[in-house]
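The values are calculated or read from the model by the stated rules, or taken from the named source; none is laboratory data. What you see is a predicted model; the values in this text were computed from it and never measured. Note: ideal-geometry Cβ built from the backbone for every residue, glycine included; neighbour counts use all protein chains shown. Note: accessible area is taken over every heavy atom of the protein model, side chains too, but ligands, DNA and RNA are not part of it. Shrake-Rupley method; radii C 1.70, N 1.55, O 1.52, S 1.80 Å.
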Amino acid sequence: QVQLVESGGGLVQPGGSLRLSCAASGSTFEIDAGTWYRQAPGKERELVAGVSRYGAINYADSVKGRFTISRDNAKNTVYLQMNSLKPEDTAVYYCSVYSSGMTYWGKGTLVTVSS
């Protein structure tokens, strides 16, 4: 089975930037769709950004203009570039990849935005 590994999380000051990566391991497949979610303490999981197999990209209103999602099918990787980070962006970020009729989830990477 495929495994998704997120990386790039950590502690950053408000206004800073981070780039999250979600790389597939253990299998090779084409990415039909990639999505980033996040979950903060006491809150439900929410959609952050997604890219479809058709190339359509959508963002949550709260991150629009600050975050950029991209994918590299050759590397089986989905990225999330996060700029102008705010304390309210603090959460565990999860990637999800849809491929060949299956959905795969990563274990999450923690992003903490604090001064």
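Applying the criterion of being modelled with pLDDT of 95 or more and assigned to a helix (DSSP H, G or I) to the residues of the range 59-91, the residue that is nearest to VAL111 (Cα to Cα) is ASP89. Candidates are the residues of the range 1-54 that are basic (Lys, Arg) and under 13 Å from MET82 (Cβ atoms); the one that is surrounded by the fewest Cβ atoms within 10 Å (Cβ to Cβ) is ARG19. Of all residue pairs spaced 6 or more apart or on separate chains, those with beta-carbon atoms under 7 Å, a first member in the range 30-51 that is farther than 20 Å from SER100 by Cβ and a second member that is at pLDDT 95 or above and open to solvent by 80 Å² or more (accessible area, probe 1.4 Å) are TYR37/ARG45; TYR37/LEU47; GLN39/ARG45; ALA49/ASN58. Taking the criterion of being of a type in the set (Lys, Arg) and either exposed (fewer than 15 other Cβ atoms within 10 Å of the Cβ) or under 12 Å from the mean Cα position of the chain (by Cα) (or both), the residues of the range 55-85 that qualify are LYS64, ARG71, LYS75.
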